[in-house]
Every structure is written in C-alpha cells, then in structure tokens.
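Student: Below is one structure. I have some questions about it.
The values are calculated or read from the model by the stated rules, or taken from the named source; none is laboratory data. Treat the numbers as computed from the prediction; the structure is a model and nothing was measured. As a convention, Cβ positions derive from the backbone with ideal geometry for all residues, glycine included, and neighbour counts pool all protein chains shown. Quick note on the areas: whole protein, heavy atoms, side chains included, nothing else; ligands and nucleic acids left out. Shrake-Rupley method; radii C 1.70, N 1.55, O 1.52, S 1.80 Å.
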Amino acid sequence: MSTKSNVTLVVLTGGVGSRLWPLSRKSQPKQYLELFDGQSLFEKTVARNADSTNKLVVVGNIENYQMSNAVMTKFNTSFTHIVEATPRNTAAAIAFAAFSSHPNDILLITPSDHVIEGSDLYSKSVQQAIALANQDFLVTFGIQPTKPETGYGYIEFDGENVIAFHEKPNLTTATTYLESGNYFWNSGLFCFKAGLFLSELEKQEPEVYRKSKLAWDANKNGFLDLELSLKIPSISVDYAVMERSSNIKVVPTSFDWSDLGSFESIYDYLVKKGHPIDTNGNMIIGTQVHTSFVGMQNCLFIHTPDAIMILQKEHSQAVKEVYQNLEAIKSSLT
C-alpha cells in the first residue's frame, strides 16, 4: 500500500546563507541561486520530493515569498504558502505548517538549500522515515560523516535510537566523533505526524506553541501578523523538541548530502561537477575575465557586479564575519 496519500512536503525557505556572501544576499538568498545545473536548490528540493508526497507547504518570509512563487511557477502543482512576517526560527516555522495540516498528516520537513544526490537512496530513506512516523515517532535523518566537520551538529546513535544530540564541535571533538563511528551529522531533515509534533512542542516549549498558535489563527491567506509573530520565542526545532523528546528515531542515510553552507562545500560540489580549477586548485566564480593566482593554493575568487571575495578555501566559515560587519554598518551589500 502506498504511503503517499497523507504525506506533506514542508519546504523551509528562510535564511540568507551569509557564509556565501557575496553570491548570497538578502535580495537573493542561496536557495534561489541558479548555480546548480542551471537550477536553484529550492527548485531541486521540490522536484526531488514530488514522488514521495502529494501535498506541499512552503514556509518562507515576507522578503522572499515572491522568489518562492516565481520558482513554483515551474511546477504544475498547488501549494500552501505560509509567509512569516519576521523570522522566528525553525520550531515556529514547522509549527505553522503543522497547524495548517490534519493532525494525522505526515510532514516531511526539508530545508530548501541542501544538495542531495542519489535519488534511489534518498527515496529509500524517506520511505523508512515515513514508516517510523506512522508508528508515532519523531524522525530525524543522520548523515554519515566523511570528515571531522566543525560546521554541523552531530547525532550520537545506536541503530535507529538516538542517544544524544551534540552542538557543533571543535576539531578535536569532531575527529573523535568520526573515529568512534556512532555519530551522524545532523541533516536538518525531519519526518513526523503534524499532531504529534504539536503535542511535543506544547509539552516541551508551551510558550512557542501558544504564541505560534495565536499568530497562525490570525493569519490572512497565509500571511502572518508582525506584532503577534514578534511575541514568539525564536528557538530551533532541534532545541525545542528533537533534543528533549524521548520519542525520537534516526534514519541512517547513504545518499550524498551537503548543506552547501560554506564556500568550501560549494568548491567541492563544483569540482565534482567539472568546474575548472588551475593546477594549484584555485577556482574562479562569476567572471570570464582572465584571472591568475600566483603563489596561492586552494583559493576562490568570487566576483559579483558590486563585490569581490578572495579567500582560502579552508577559511570559508569566516565569511560570515564579513557579512556581519557589513550588516553592522547597514551596508547595501548585504
């Protein structure tokens, strides 16, 4: 029997991708950049899940909902658009999707800005998650680590059972996690019944539940009220529910995954796709102007009409500081 009949895809489209400045801006966040085989990550996300789900909810914010609508014109499918007046983090965003659904609907939650390759393996993991969600578990997806990554949270596991969630570690701790073999990267993908999630949220974070419900009940055609939204505590779904519930299962995955959260991961992805690099591993993005790297290795030169970024690939997590400095002076470049 197909499990498709009551599975809703929930795509979270908030976020700027500040570690990918100057490519990613408030006016064009990374999930809308058509850098990936001529498609955006948002477009790929919707297409990837079409066969596993039969309803679609897009949760975004007032700044990007028109970009989401433009992407959705490429699909011959109806969808519910929930437009946040101000970002209140993932616990509230998922709560809005759950309030808009039947309590027994299974929600497949996915960010809009991740790359996933290996469609058969992905589909298999999704079906496994749906089966567990049908048994009234809150399900997360664990990614097999390929290196001691300090930019991701980790899930300590035993089979399908979650032992603990861990915050982004330092390099020494990440290396220990990799060597131990029972830690996954935390993917930000989830699957559960709408009603079960809401009851867990109400139990763990009653304030988030109540204030989100008030904002949802006052929505107008999916648009949320600013004043009511500002009263919702800004808490991630990991902290609000997943790290505190005793009802969690993890699906171990084998598909290729990246959140493309840094230029290092963009670099690795583009190299895999055949993007040219020179003999010392240097890469140019965004210009045809002849550019030579002298005495430099594994560097990126990123060109946009109003900004240039030159960085050592291994220091790409620090790009966020550049963005934050520009934001602090209210620069139009953000």
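Student: Which helices (runs of 4 or more DSSP H) sit wholly inside the stretch 59-157 and have at least 2 residues that are more than 30 Å from Leu226 (Cβ to Cβ) and out of contact with any Phe, Trp or Tyr (no Cβ under 9 Å at 6 or more places or on another chain)?
Tutor: On the way: elements: 65-72, 89-99, 119-134.
So the answer is 119-134.
Student: Another question, if that's okay. Just to check your reading of the model, which residue among Lys168, Lys147 is within 30 Å of Phe36 (Cα to Cα) and touching a Gly at 6+ places or on another chain (Cβ under 8 Å)? Don't jump to the end; show me each part of the working.
Tutor: Working: Lys147 fails: touching a Gly at 6+ places or on another chain (Cβ under 8 Å).
Residue meeting the stated conditions: Lys168.
Student: From the residues in the stretch 1-45 that are in contact with a Gly (Cβ under 8 Å, 6 or more places away or on another chain) and part of a loop (DSSP other than H, G, I, E, B), which one is modelled with the lowest pLDDT?
Tutor: Here the residue is Gly17.
Student: Of all residues in the stretch 27-51, which are over 24 Å from Ser262 (Cα atoms), touching a residue at least 60 places away in the same chain (Cβ under 8 Å) and surrounded by fewer than 19 Cβ atoms within 10 Å (Cβ to Cβ)?
Tutor: Selection gives Asp51 alone.
Student: In this structure, does Gly274 turn out to be over 30 Å from Phe79 (Cβ atoms), out of contact with any helix residue (DSSP H, G or I) (no Cβ under 7 Å at 6 or more places or on another chain), open to solvent by 70 Å² or more (accessible area, probe 1.4 Å) and assigned to a loop (DSSP other than H, G, I, E, B)?
Tutor: No: the conditions fail for Gly274.
Student: Could I ask something else about it? So which residues in the stretch 304-316 are assigned to a helix (DSSP H, G or I) and either under 10 Å from Leu23 (Cα atoms) or open to solvent by 80 Å² or more (accessible area, probe 1.4 Å) (or both)?
Tutor: Glu314, His315
Student: On to the next question. Kindly indicate whether any position in the stretch 287-302 is more than 30 Å from Leu198 (Cβ to Cβ), crowded, with 17+ Cβ neighbours inside 10 Å and touching a residue at least 40 places away in the same chain (Cβ under 8 Å).
Tutor: Looking for residues that are more than 30 Å from Leu198 (Cβ to Cβ), crowded, with 17+ Cβ neighbours inside 10 Å and touching a residue at least 40 places away in the same chain (Cβ under 8 Å), one finds at least one in the stretch 287-302, hence yes.
Student: Assuming Ser229 fulfils every condition listed in (1) under 20 Å from Val58 (Cα atoms); (2) open to solvent by 30 Å² or more (accessible area, probe 1.4 Å) apart from one, which condition is it?
Tutor: (2)
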